[in-house]
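Enquirer: This is the structure, below, for whatever I ask next.
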Amino acid sequence: MATIKVTYDRDGKPTYTVDGKVVSKREFDRVVPSKPIAVPGKAHLPDAWPMISEAMGVQPDQIAEAAEHARAGGVPTDFTPDGRAIIRDRGHRRELMKLYRYHDNHGGYSDG
């Protein structure tokens, strides 16, 4: 039986691996005829850090103020030029959500 793996980069682009060798999507589908359950862009993948968050983002002219607020709150955070928050990992996300008083209804254990 072949050892298979599909990994996704931070932009949701898949890499297909069969028996430790990177293969094309066509070759992967030949070995594994069923399609993956996860749909990129529909759910966050556990190893896809850093995450870019629009919900915790700000207007571009508020980036400096938001970065200072996050730093002062003990959760240093970077922002993209268009104001989206760059979340480094689950712990950073949890702490930033606490700071902003956000709650994730679809979060798991230890999520805010």
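Enquirer: Gain in length, R101 to R26, computed as 0.36 nm per residue apart minus the alpha-carbon separation, to one decimal in nm? Could the numbers behind the result be given before it?
Expert: On the way: separation 75, 0.36 × 75 = 27.00 nm, distance 4.55 nm.
So the chain would gain 22.5 nm between R101 and R26.
Enquirer: So, one more: Given 0.36 nm per residue, what is the gain on full extension from T80 to K5 after removing their alpha carbon distance, in nm? Walk me through the intermediate numbers first.
Expert: On the way: separation 75, 0.36 × 75 = 27.00 nm, distance 3.09 nm.
Using 0.36 nm per residue and subtracting the Cα-Cα distance, I get 23.9 nm.
Readers should treat all values here as calculations from the given coordinates under stated rules, not as data from a laboratory. Here the structure is a predicted model, which is why all the values come from computation and not from measurement.
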